[in-house]
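What follows is a single structure, written as structure tokens, with notes after it.
Just so you know, all these numbers are worked out from the coordinates, no wet-lab data involved. In this text the structure is predicted, and so the values were computed from the model without any measurement. For neighbour counting, all protein chains shown are included, and Cβ atoms are generated from backbone atoms with ideal geometry for every residue, glycine included.
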Amino acid sequence: MFYIALAFLAGALWYSNFYISLLIFVCLLYFVAIKRLTLICFVLSIFISILSYNIYSNLNNSIKEQEIFNKHHEQISAFAHVTSAIVQNNDFIKGHLIVYNREYNYIYYIKKQDKGKYIHKLKHYTCKINGNLTHSESQNALLVVKSIDFKNCKINSNPNLIQRHIDFINNQIVHSGTKYPYRIIALITGDTSQLNSTIKDAVKDIGIYHLLAVSGSHVAVITLIIYQSLVRWNTPLITIKLLCVCILVIFAVETQFAPSALRSIIAMIIILFKPKRTSLSGLNILAFVFLLLLIVQPDFLYDIGFQFSFLISLFLILAQPSIHHLSRLKAFFVITYIAQLGALLIQIYHFNQVQWIGILTNLIFVPLYSFIYFPLTLFFFLISHIFINIKLLNFIIDYLFALHDQLVYFFLKLNNYQWNIPQLSNMTIMFLSILVILSFIIFIHKKYIQSLALIILSLIIVSYTAHSHVPTLTSFDVGQGDSLLYQTSRNHNILIDTGGKTAQNHSTITHNIAKYHIIPSLKKRGVSKLDEVIITHPHIDHMGELTYLMQHIRIKQLVINSKSFPISQLNVIKKWCSKYNIILINADHINTMHFDDSTIQFLRSYIYDSQDKNEQSIVLLIKYHYKTILLMGDASQRNEKILMKKYHLPHIDILKVGHHGSKTSSSMIFLKQIQPKISIISSGKHNKYHHPSIETIHKFLSIHSKLFNTQDKGEISVSLDSKLTIKLNHGNH
């Protein structure tokens with residue numbers, strides 16, 4: 001069965017990752033040779049590979065069709081069937097809905113007139129909505145709902161018994177009086193959508209997010225409780241097993257059939273009913289469940305939880321012969337390391353990150369979750385069917401989760417030093433996979449230091465070779481705002497502006513831009529810290545994400561033009577800089593900065609008596625050998641006149657166009673003087689200012705400058721090589 005699963009996986013990956021598929025196929029041929037399997041087995045493996053290749057070719061084609069559909073339906077006005085609706089802080093609702101027979105994640109910022117009045121009329125209802133589809137690499141298409149016709153919503157049908165039970169028990173837990181109802185729901189069902197984003201980000205950063213997913217330990221605890229409770233009453237074994245199956249099936253429904261839960265539940269059912277004389281190994285059980293799930297639901301293969309669950313389980317099963325004779329303490333350390341090794345490739349591939357602290361945090365949190373948090377929340381879940389607001393139980397739950405959070409934030413401080421890996425080619429991923437397998441083999445032969453040394457050395461080499469050794473300017477796709485990254489030849493990183501916008505209710509800054517766009521893009525470039533962050537001027541669309549970035553990535557120095565900031569805002573920035581040990585520098589005190597072969601010159605064209613903060617923007621001239629970059633912030637034509645008077649501006653290779661392409665910037669006389677070869681406009685789709693202006697676009701066309709706009713091209717990167725190589729990463733906001 002294991003070889004059939006390998007053949008299936010080789011065919012499935014042939015379309016998307018040829019090199020990994022080839023590696024798996026070579027391993028399969030090796031096993032066929034050393035195990036001396038029959039010709040029939042070999043032919044069957046080939047047939048299975050071809051079959052899975054066809055399945056996933058069709059699946060990938062349907063995914064492409066979905067992407068094309070989304071691009072042609074960016075603005076949606078239609079009736080939508082709402083399948084879930086989660087209200088957070090009475091500010092916004094998020095969940096899932098179905099429109100045009102397609103399912104989307106959605107978010108709706110609650111308007112004042114709707115608060116407490118209609119928001120309950122969503123789940124299981126069909127409502128007329130208006131909204132925009134947005135996309136990013138780190139999340140699926142998100143439907144940002146602009147308006148909902150609450151008054152004319154119609155109920156679809158009465159929910160079934162299971163759905164009513166889920167709604168009932170969730171309501172019981174939420175109104176139980178505990179401070180952490182959504183933690184309990186997350187631990188029982190694996191649904192983390194209602195968790196506070198701060199704690200959710202924190203557990204991700206320290207490498208224990210997988211503990212919130214339903215896994216083998218959850219299923220084992222449930223089965224053990226049922227077995228131990230009934231065996232004392234001399235209950236027939238077959239009755240115990242059947243009851244276990246019934247409860248595990250209900251549990252699968254509660255988890256919304258999460259892939260990691262299904263793996264554990266199906267495997268447990270097989271183990272419960274496996275005849276004693278049947279020599280069915282753990283490896284073959286895992287392979288059978290793998291095949292069953294992918295045949296029933298092929299797109300599970302792209303689910304990150306599915307990948308983590310099966311790869312870690314595979315490593316642990318293969319290591320079992322080397323673990324069973326160890327002492328419990330030593331076995332626990334070994335299992336933790338092997339699990340981290342199994343997760344490593346997925347962490348690098350999806351998150352561009354080595355969560356080194358995960359080895360330490362899992363040693364602490366795995367036993368806590370297995371023996372305290374999950375059993376206690378399971379008891380809370382069961383008792384909530386009958387009683388709510390048991391003060392003693394609430395006190396224990398609240399105390400333990402408060403202690404949990406203190407531990408999380410303690411380890412978060414230790415995690416200040418991140419190890420991000422640049423995006424790797426498929427061939428590099430294949431070589432890294434081989435090295436991980438070698439490290440695993442060395443480890444199970446008890447050469448622990450050699451195994452660790454090999455994996456660390458491999459990651460260092462991969463990180464170094466993947467870095468570009470030519471300076472690069474990247475304009476991030478942050479919608480209607482600015483955020484640019486300049487990376488030097490020796491990987492010094494300078495971020496100019498952060499982007500940012502307020503929520504639709506104008507009450508808060510959402511930080512979705514930093515969370516879903518800037519941070520993932522920094523990680524894909526292997527950026528673990530920012531040497532400089534330069535804020536050109538104090539507008540939300542240029543600095544709104546600053547505080548979020550301070551919390552999630554190391555920043556050495558922050559440069560601002562202090563005179564352009566109100567005193568109250570300046571004091572807040574000083575407070576944040578002090579909190580995160582960031583050196584605050586006034587741009588007025590700097591003429592130039594030197595990084596490797598690059599020089600950053602601060603051009604002073606500030607108009608301090610202007611009421612328009614755009615006219616107090618920091619303007620930067622970057623030079624690398626014979627290449628020049630001019631970053632204009634939101635400077636106006638008045639600033640351009642000052643620049644032309646004060647400085648002898650050279651011809652520019654790359655221009656970041658001022659003020660998102662507004663007609664208040666980019667005068668014709670200025671453009672003729674600097675003659676930019678490449679011009680980049682950062683603006684959002686369907687922005688209310690209608691940036692860039694048609695007039696500005698015509699100016700750039702008239703001087704034959706290559707014009708790129710983030711709202712059309714997405715993320716734009718230009719390498720300062722001899723050809724000024726441009727890479728586009730299409731996005732949508």
Cβ-based exposure ranking for Leu530, Leu195, Leu403, in which fewest neighbours within 10 Å come first: Leu403, Leu195, Leu530
With a ≥ b ≥ c taken as the square roots of the eigenvalues of the C-alpha gyration tensor of segment 472-729, please select rounded if a/c is under 1.5 and otherwise prolate if a/b is larger than b/c or oblate if it is not? rounded
Taking the Cα centre of each part, how many Å lie between segment 340-410 and segment 287-306? 26 Å
Which distance in Å, rounded to a whole number, links the C-alpha centroids of segment 1-42 and segment 605-656? 59 Å
Between the helical axis of 304-323 and the dominant principal axis of the chain, each derived from Cα atoms, what acute angle in degrees is found, rounded to the nearest 10? 50 degrees
Students often forget the sequence filter, so: which aspartates and glutamates lie under 17 Å Cα-Cα from Lys529 once same-chain residues fewer than 8 apart are removed? Asp205, Asp497, Glu545, Asp596
Report the gain in length on full extension from Lys447 to Thr198: 0.36 nm times residue separation, minus Cα-Cα distance, nm rounded to one decimal. 85.7 nm
Counting other beta carbons within 10 Å of each Cβ, put Thr465, Thr628, Thr536, Thr83 in order, fewest first. Thr465, Thr83, Thr628, Thr536
So for the chain, averaging the separation of alpha carbon pairs under 8 Å that are six or more residues apart and normalising by length, what relative contact order in percent results? 9 percent
Rank these for me by crowding, Glu65, Glu254, going from fewest to most other beta carbons within 10 Å. Glu65, Glu254
Between Asp609 and Glu695, what FRET efficiency comes out of the Förster formula 1/(1 + (r/R0)^6) with R0 = 35 Å and r the beta carbon distance, rounded to 0.05? 0.80
Assuming a ≥ b ≥ c are the square roots of the Cα gyration tensor eigenvalues, decide whether the chain counts as rounded (a/c under 1.5), prolate (otherwise, with a/b larger than b/c) or oblate. prolate
Assuming R0 = 56 Å, what is the FRET efficiency of Leu360 and Ala78, from their Cβ-Cβ distance, to the nearest 0.05? 0.70
Estimated distance in nm for a label pair at Ile98 and Leu368, the labels positioned 7 Å out from Cα along Cα-to-Cβ: 4.1 nm
For the chain, take the longest principal axis of its alpha carbons; what is the angle in degrees between that and the long axis of helix 282-296, to the nearest 10 within 0 to 90? 60 degrees
Reachable aspartates and glutamates, given that their alpha-carbon falls under 13 Å from the alpha-carbon of Lys200 and they are not under 8 places away in the same chain: Asp191, Asp405
With no solvent and one equal point scatterer placed on each C-alpha of segment 2-70, evaluate the Debye formula and give log10 I(q)/I(0) for q = 0.15, 0.20, 0.22, 0.23 Å⁻¹, two decimals. -0.49, -0.75, -0.85, -0.90
For segment 176-216: rounded, prolate or oblate by the Cα gyration tensor [a/c cutoff 1.5]: oblate
List the aspartates and glutamates whose Cα sits under 13 Å from the Cα of Lys627, skipping any in the same chain fewer than 8 residues away. Asp597, Asp653, Asp721
For the chain, with only Lys/Arg (+1) and Asp/Glu (-1) charged at the beta-carbon, what is the dipole magnitude about the Cα centre, in debye rounded to 20? 580 debye
Among all cysteines in the chain, which have no other cysteine Cβ under 4.7 Å from their own Cβ? Cys27, Cys41, Cys244, Cys246, Cys577
